Amino acid sequence: MEMNESQHWNIHGNEELNKSSVSVRGTLNLISTYLNTDDHRPVIAFGRADPSSYPSFRTSSSIVEALVDAVQSRNFNSYPSTQGVLSARRALAEYYSRGLPYQLSSDEVFITTGCTQAIEVIISVLARPGANILLPRPAYPHYEARANFGHLEVRNFDLIPEKSWEVDLEVVKALADNNTVAIVIINPNNPCGSVYTYQHLKEIAETARKLGIFVISDEVYAHMVFGKKPFVPMGEFGSIAPVLTLGSLSKKWSVPGWRLGWILTTDPNGILKKHGILESIQNYKDIAPDPPTCIQGAVPQILAKTSDEFVSGLLDLLRTNADILYEKINEIPCFTCPNKPEGSMLAMVKLNLEQLEGITDDVDFCSKVAKEESVLILPGVGVGMKNWLRFSFGMEHCSIEDGVARLENFYRRHKLH
Ligand SMILES: *Cc1c(COP(=O)(O)O)cnc(C)c1O
């Protein structure tokens, strides 16, 4: 057929999606285009929070065996129920009930395709016309991207670096109105590496109660703490305000590629159920793709058999890396890391542009560091904080040392004279 210039195609990309799609991976892909392929040094990946391919972070054999056993049982070859395989939901309810003042039931657990889908589900459920949601700044960017795409209005409250990245509750109260549906917190925190105290979490719950909203607590890094503060699950305060907890196997079990996550409610007063949130989650799940049944089938054994040594080994390495990063980075004048990370595998570092010559902003900095030193860092804009940087220290110990040394060289070449 001949090309006809006047042919009209009614085909369009989705401009709105293109605009709302801010993601860690998208931002890093952009920065990666600056990498110099002639540099034969290994790339130091401070940008990605996925250490699962490093030998020290490889998942344990008991986790792999759990999956092999699930596959070999041939019990998990059918479609799962859309809420999730019952044995997995029971095991998760059991696992989360430990340490909580009440018992969770399998009805309160929904299995999702990673924590990513948990975010998609809950944001979609909440996105009704006129509604708004309170999101932290900085934050894991999926929340804002999903909300923008779903026309759920976003209101940002700041996390305060001088107060160990705690939530500014006065701002939260000022931002909320009758159309506010929920507040999101991330604890242990991505991107700040902070861990909230019992007292602070309680205050967040009390604020939510005053506002008549519930708390969405992203605990994808649950128990991954290595400082002085213990990890306290938000569910602890479920009787003050209802809590939806999001989690996954991706971080603590070091299998992000298995794409298994969950939503669970800690709501002893049954408020979420009474107000139709659970029904809406179920209806959304009924039309969403399920995570593979065999991976769900492995969950009970994964939770039962993961050894304490595996987890404490990861935490020891993260603690050492956090110490090195915090100390060494603060010796370089163009950086300030205000708080030593105490959890997750991430830290926010302020970029002191006035110490540098010819660098315009965080994106410019990250592009040049990629090009000249083969070091990948996530620019702060990717998590909502311009002229800051997000570092992941989930990597081999020697890579941290090497990466920081390269940054020091970069600083020497670009410092203001
Ligand atoms: C990694 C991460 C997620 C996504 O988790 P997956 O299980 O990999 O989908 C969600 N929230 C935060 C804060 C994360 O760091």
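The values are calculated or read from the model by the stated rules, or taken from the named source; none is laboratory data. Being a predicted model, the structure only gives us computed values, none of them experimental. All Cβ positions, even for glycine, are placed from backbone atoms using ideal geometry, and neighbour counts span all protein chains on display.
Brief remarks follow.
- Residue that is away from the ligand (no atom under 16 Å from the Cβ) and either assigned to a helix (DSSP H, G or I) or closer than 30 Å to E203 by Cβ (or both), where the choices are T265, T245: T265
- Being surrounded by fewer than 21 Cβ atoms within 10 Å (Cβ to Cβ) and either within 22 Å of the chain's Cα centre (by Cα) or assigned by TED's automatic domain parsing to the domain that holds C192 (or both) is a property that does not hold for I302.
- Residues satisfying the stated conditions in the range 374-396, i.e. assigned to a helix (DSSP H, G or I), under 17 Å from N352 (Cβ atoms) and of a type in the set (V, I, T): V381
- Within the range 348-406, the only residue that satisfies the criterion of being without any contact (Cβ under 8 Å) to a residue 12 or more places away in the chain and either hydroxyl-bearing (S, T, Y) or not assigned by TED's automatic domain parsing to the domain that holds T37 (or both) is T360.
- Of the helices (runs of 4 or more DSSP H) that lie entirely inside the range 135-233, those containing 1 or more residues that are touching a residue at least 60 places away in the same chain (Cβ under 8 Å) span 142-149.
- All positions within the range 186-200 that are within 16 Å of the ligand (Cβ to nearest atom) and either basic (K, R) or surrounded by fewer than 24 Cβ atoms within 10 Å (Cβ to Cβ) (or both): none
- Any chance A288 is within 16 Å of the ligand (Cβ to nearest atom), surrounded by fewer than 19 Cβ atoms within 10 Å (Cβ to Cβ) and either in the same structural domain as G99 (by TED's automatic domain parsing) or part of a helix (DSSP H, G or I) (or both): yes
- N10 passes every criterion in (1) within 20 Å of the chain's Cα centre (by Cα); (2) at pLDDT below 90 apart from (1).
- Within the range 141-153, the set of residues being within 16 Å of the ligand (Cβ to nearest atom) and either in contact with a helix residue (DSSP H, G or I) (Cβ under 7 Å, 6 or more places away or on another chain) or not assigned by TED's automatic domain parsing to the domain that holds L175 (or both) comprises P141, H142, Y143, A145, R146, A147.
- Filter result for V215 (under 18 Å from the mean Cα position of the chain (by Cα), within 16 Å of the ligand (Cβ to nearest atom), in the same structural domain as D107 (by TED's automatic domain parsing) and among the β-branched types (V, I, T)): yes
- Within the range 7-28, if we keep just the residues that are under 17 Å from G380 (Cβ atoms) and of a type in the set (S, T, N, Q), the residue that is surrounded by the most Cβ atoms within 10 Å (Cβ to Cβ) turns out to be T27.
- In the range 364-394, the residues that are surrounded by fewer than 24 Cβ atoms within 10 Å (Cβ to Cβ) and under 17 Å from the mean Cα position of the chain (by Cα): V381, G384, M385
- Scan of the range 76-108 for residues that are of a type in the set (G, A, S) and within 16 Å of the ligand (Cβ to nearest atom), ordered by number: G84, A88
- Taking the numbered list (1) more than 16 Å from the ligand (Cβ to nearest atom); (2) within 30 Å of T320 (Cα to Cα); (3) surrounded by fewer than 17 Cβ atoms within 10 Å (Cβ to Cβ) in turn, H223 passes all entries but (1).
- If you check I329, I324 for being touching a strand residue (DSSP E or B) at 6+ places or on another chain (Cβ under 7 Å), of a type in the set (A, V, I, L, M, F, W, C), closer than 22 Å to I400 by Cα and not in a loop (DSSP other than H, G, I, E, B), only one passes: I329.
- The lone exception for I111 - which of (1) within 16 Å of the ligand (Cβ to nearest atom); (2) in a helix (DSSP H, G or I); (3) touching a strand residue (DSSP E or B) at 6+ places or on another chain (Cβ under 6 Å) it fails: (2)
- Qualifying residue in the range 29-49 (condition: within 30 Å of L325 (Cβ to Cβ), hydrophobic (A, V, I, L, M, F, W, C), outside the structural domain of A288 (by TED's automatic domain parsing) and out of contact with any Leu (no Cβ under 8 Å at 6 or more places or on another chain)): yes
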